[in-house]
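Chemist: Structure in structure tokens, see below.
The values are calculated or read from the model by the stated rules, or taken from the named source; none is laboratory data. Given the structure is predicted, the values throughout are model-derived calculations rather than measurements. Positions of Cβ are generated from backbone atoms using ideal geometry, with glycine treated the same way; all protein chains shown enter the neighbour counts.
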Amino acid sequence: MRLNLKWNVLLTLITLFFLVTCSSNDAPEPFDCSTTDLDIELATKSNPSDCVTNDGSIEVSATGGTPPYQFRLGTGAFGTSSLFQNQGGGTFTITVKDANNCEKQLTNITLTTPGGPVASASTLSHQTNCTSPNGSITANVTGGAEPYQYKIGNGSFGGSATFSNLKAGLYTITIMDDNGCTITRNETINSNTGVSYLNDIKPILETNCIKSGCHNGDNGAERNWSVLSNVQAKAQGIKTRTGNKSMPKDIAPTGLPQNEIDLIACWVDEGAQNN
């Protein structure tokens, strides 16, 4: 009798271990952002007065989703203000994020500067190799005073208009002419890598997630990741949490190998297809 009691206690402790290390730490499940009605639109904009005075502004408004909202300009940090002041000329993207971490973008917001350089749509080469990024952006600019200098993000200015070896994502390109006038473009590199759910993603899930006490259905049918539709519904959250290495919980904060993180991100960015 005592032996059976000890065995029952041991089984209970093992079950609790899996519930704590996987199920409870995975909660709450990421919201399915494909169902959101979150939206963003332009409210007002004001062009800068000249090419060396950054006094332009953009204001947006958000509706739907789950407030409160946060906003960011280009690749900047999210904040509570929907008004972006002290802007120079350029073409911008503003992103809104709601309380469920769902995002929507408003693209191609253009502020025009008199007498400065003019940047038309960049030449883009999208990412086709997931684990060895090969996207590129080539800026196209006219007007102002040559020669031009270029930078990507917070990098340094240089003479090359082309930026290579880029992953899928949103990038800020800044062009400066010989008079010090600048113009900015936000450009998006898409992921066209053809990562396969069957050959690339499913084996990762089977090894790390679809196991007892975790995402094998023990904790509810909707948490069974051997069902593709469940994985697709949570795809954005899976990308985010594997990317920041908080998932899988039992190997955090080490996380998955980087190549597996990249494969998941590519698959999600390409629409989490059944391929």
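Chemist: I'd like the residue in region 240-266 that is assigned to a helix (DSSP H, G or I) and touching a Cys at 6+ places or on another chain (Cβ under 7 Å) and, out of all such residues, is nearest to T193 (Cα to Cα).
Modeler: Of everything passing the filter in region 240-266, C266 is nearest to T193 (Cα to Cα).
Chemist: While we're on this one: If a residue has to be hydrophobic (A, V, I, L, M, F, W, C), over 24 Å from the mean Cα position of the chain (by Cα) and outside any loop (DSSP other than H, G, I, E, B) to count, how many in region 124-182 make the cut?
Modeler: Residues in region 124-182 being hydrophobic (A, V, I, L, M, F, W, C), over 24 Å from the mean Cα position of the chain (by Cα) and outside any loop (DSSP other than H, G, I, E, B): 3 in total.
Chemist: Among (1) surrounded by 15 or more Cβ atoms within 10 Å (Cβ to Cβ); (2) at pLDDT below 95, there is one condition V195 misses while meeting the rest; what is its number?
Modeler: The one condition V195 does not meet is (2).
Chemist: Is it true that I109 is at pLDDT 95 or above, under 26 Å from A145 (Cα atoms) and either β-branched (V, I, T) or part of a helix (DSSP H, G or I) (or both)?
Modeler: Here the answer is yes, as I109 does meet what is asked.
Chemist: Looking at N140, N154 in this structure, which one is touching a residue at least 12 places away in the same chain (Cβ under 8 Å) and surrounded by fewer than 21 Cβ atoms within 10 Å (Cβ to Cβ)?
Modeler: Exactly one residue qualifies, and that residue is N140.
Chemist: Could you give every pair whose Cβ atoms fall below 7 Å, whose first residue belongs to region 161-181 and is over 25 Å from N54 (Cβ atoms), and whose second residue is small (G, A, S) and at pLDDT 95 or above, counting only separations of at least 6 or pairs across chains?
Modeler: Close Cβ pairs satisfying both conditions: T162/S136; S164/S136; L166/G135; L166/S136; K167/G135; A168/G135.
Chemist: Examine region 110-132 for a residue that is outside the structural domain of D50 (by TED's automatic domain parsing), closer than 30 Å to I238 by Cα, surrounded by 19 or more Cβ atoms within 10 Å (Cβ to Cβ) and in contact (Cβ under 8 Å) with a residue 40 or more places away in the chain, and state whether such a residue exists.
Modeler: Yes, the conditions are met somewhere in region 110-132.
Chemist: Right, next: In region 23-45, which residue that is among the hydroxyl-bearing types (S, T, Y) and part of a helix (DSSP H, G or I) is modelled with the highest pLDDT?
Modeler: Checked region 23-45; the qualifying residue modelled with the highest pLDDT is T35.
Chemist: May I pose another question? What residue, of G271, G243, G217, is surrounded by fewer than 18 Cβ atoms within 10 Å (Cβ to Cβ) and either in the same structural domain as C130 (by TED's automatic domain parsing) or in contact with a Ser or Thr (Cβ under 9 Å, 6 or more places away or on another chain) (or both)?
Modeler: None of the other options fit; the residue is G217.
Chemist: In the list I152, I175, which residue meets the criterion of being at pLDDT 95 or above and closer than 30 Å to K239 by Cα?
Modeler: Going through I152, I175 in turn, the sole match is I152.
Chemist: On to the next question. Within region 28-79, which residues are buried (at least 16 other Cβ atoms within 10 Å of the Cβ) and of a type in the set (V, I, T)?
Modeler: T36, I40, I58, V60
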